[in-house]
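The values are calculated or read from the model by the stated rules, or taken from the named source; none is laboratory data. Note that this is a predicted model, so its numbers are computed, not measured. Neighbour counts run over all protein chains shown; Cβ positions are idealised from the backbone, glycine included.
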Amino acid sequence: MKQSDDNRLIPMTSINSGKLREVAPDVAYYTDQIVNVIMLGHTDGPWMLVDIGVPKSADGIIKAAAERFGADNPPRAIVLTHGHFDHVGNIVALEQEWNVPVFAHPLEFPFLTGQRAYPEPDTSVQGGILAKISSLYPNEPVDIRERLHELPQDHSVPELPEWRWIHVPGHSPGQIALFRDRDRLLISADAFITVRQDSLYRVLVQKEEVCGPPVYLTTDWNAAFTSASTLADLMPETVIPGHGSAMSGDELRTGLRKLITDWDELAVPEHGKWVHDKE
């Protein structure tokens, strides 16, 4: 296995970094600097890890997992919502620690098997300071082919019989979300998030608002709209996004409805190399 050639510490954090928060008895999320790592499963049983954070932070994730599930209780598997640097930054270190299978959508495989790099972040896009410095972010692929498996074609999630995966491209070709119908709990990845990810101040203080995907890495805005609309149609009661705090109830429903209704104004930047024909 090989971590990406440009895997490096990102000097960015938030007030929630290091916090492990529970949203259901069998669902918790750990904020790793600016991104969420999700832990699914009861504390006294088997569990699964969804996404694995920014580079150079494996020790914090391992510690948080041990506090919740016990030191000698590794996850049954890891599910990747997509392969951007802030979601796979510790994959080799965690695999060396746990030696478990990794599941992802096959459209993400080129970026997870060392074959293809993601497009470089768009520093020209309309947005805040974090968009302007996004050239610092890693974009080279990892290579975990020896542990990598396709998610089941029937949209089930291994080891998680109540959950199903949903293909939500736009931010990346094979991005997925996870949904549990019983309590309408949604893991939205970066299809929509709850903090404006290009704003340094809003990321630092984790100002809550329903937002579109990070602008500097979203390459297909038409697909991104379809994906966000698909998730809105599920009428989630609670969301754990890739970035930002979990959100529930009226605040989530109102914010998501407004995001979809005013998508071009709220989500799509005025300019950028992946923005086309916006009036």
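Structural remarks
- Of all residues in region 189-223 being out of contact with any helix residue (DSSP H, G or I) (no Cβ under 9 Å at 6 or more places or on another chain) and assigned to a loop (DSSP other than H, G, I, E, B), the one that is surrounded by the fewest Cβ atoms within 10 Å (Cβ to Cβ): Asp220
- Selection of region 1-21 for residues being touching a strand residue (DSSP E or B) at 6+ places or on another chain (Cβ under 8 Å), over 12 Å from Gly244 (Cα atoms) and among the small types (Gly, Ala, Ser) yields only Gly18.
- Single condition Leu186 does not satisfy, out of (1) closer than 30 Å to Leu151 by Cα; (2) touching a residue at least 24 places away in the same chain (Cβ under 8 Å); (3) in a loop (DSSP other than H, G, I, E, B): (3)
- Scan of region 248-279 for residues that are within 19 Å of Gly127 (Cβ to Cβ) and touching a helix residue (DSSP H, G or I) at 6+ places or on another chain (Cβ under 9 Å), ordered by number: Leu259, Trp263, Asp264, Leu266, Ala267, Val268, Pro269, Gly272, Trp274, Val275, His276, Lys278
- If the condition is being surrounded by fewer than 24 Cβ atoms within 10 Å (Cβ to Cβ), more than 16 Å from Phe109 (Cα to Cα) and hydrophobic (A, V, I, L, M, F, W, C), then region 62-93 contributes Ile62, Ala64, Ala66, Phe69, Ala71, Ala77, Ala93.
- Criterion violated by Leu130 - all others in (1) hydrophobic (A, V, I, L, M, F, W, C); (2) under 25 Å from Ile166 (Cα atoms); (3) at pLDDT below 95 satisfied: (2)
- Restricting region 224-236 to residues that are of a type in the set (A, V, I, L, M, F, W, C), buried (at least 18 other Cβ atoms within 10 Å of the Cβ) and out of contact with any Ser or Thr (no Cβ under 8 Å at 6 or more places or on another chain), the residue that is nearest to Glu265 (Cα to Cα) is Phe225.
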